[in-house]
Amino acid sequence: MTTTMRAYVMTRYGGPAAAELREVPVPEPKAGELRIRVHAAGLNPVDFKIREGKLRVIRRYPLPIVMGNELAGVVEACGPGAKQFAPGDRVFARVDKDALGAFAEYACVPESLVAKMPARLDFTAAAAVPLAGLTALQALRDELHAGPGSACSSPAGPAGSARSRCSWPSGSARPWRPRPLRAARRWSAASAPT
């Protein structure tokens with residue numbers, strides 16, 4: 001195995017010139033982590049917001065750092081104690097938001113943040129799911145308190161479309177109204193682009 005890889009590295013906060021393609025060491029998985037050979041990575045608005053420093057109030061990343069929040073690939077190695085996956089498994093993940101690292105040829109991700117890819121998805125489609133899917137799940141479960149059999153209308157866009165699909169887990173066709181409706185309006189307003 002090679003000891004270096006290509007990665008998109010943020011060296012400072014700022015515009016596009018604040019990040020560059022570099023050769024960096026291939027990461028070694030720590031306890032409970034998987035090293036994944038990245039086949040595709042999702043690009044999201046949060047990625048450029050991180051690069052521009054718009055999230056520094058919430059999270060200040062140590063620089064330089066490999067960018068990227070979601071990926072799909074194949075498990076290459078398992079760190080000590082990682083037992084849910086094996087080398088060769090096709091997986092997708094929302095990487096640790098404190099570590100980032102999806103915009104690289106390899107990424108180490110805590111096993112708890114990884115899931116097996118559905119067989120019907122290719123790597124490119126799978127890499128687009130974790131962040132939008134997690135956003136949709138959190139909106140349904142945590143903000144709207146939706147459960148199995150719930151259905152609701154939702155706006156378009158990556159998270160909105162995912163919420164529509166996620167809201168039919170038991171096949172129930174009965175309409176569901178958010179409780180409280182104010183939470184749905186507040187969530188939609190907060191997620192609207194500015």
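May I ask for the percentage of alpha-carbon pairs in region 4-127 that lie more than 25 Å from each other? The answer is 21 percent, as a whole percent. Among residues other than residue 33 with Cβ under 11 Å from its Cβ, the summed charge is -1 (Lys and Arg +1, Asp and Glu -1). Modelled this way, with points 7 Å down the Cα-to-C-beta line, the labels at residue 125 and residue 31 are 3.9 nm from one another.
Each of 39, 145 was scored by other Cβ atoms within 10 Å of its Cβ. Listed from fewest to most, they are 145, 39. Can you tell me how region 55-103 classifies by the Cα gyration tensor, rounded, prolate or oblate, using a/c under 1.5 as the rounded cut? Prolate, since a/c reaches 1.5 and a/b exceeds b/c.
For 100, 55, 144, the sequence from fewest to most other C-beta atoms within 10 Å is 55, 100, 144. Report the local net charge at residue 16: Lys and Arg +1, Asp and Glu -1, summed over other residues whose C-beta lies under 13 Å from its C-beta. Overall, the nearby charge balance is -1.
Taken together, the values in this text are just the output of simple stated rules run on the coordinates, not laboratory data. Since the structure is predicted, the reported quantities are computational estimates derived from the model, not experimental observations. A quick note on method: Cβ atoms are made from the backbone with ideal geometry, for glycine too, and the neighbour counts reach across all protein chains shown.
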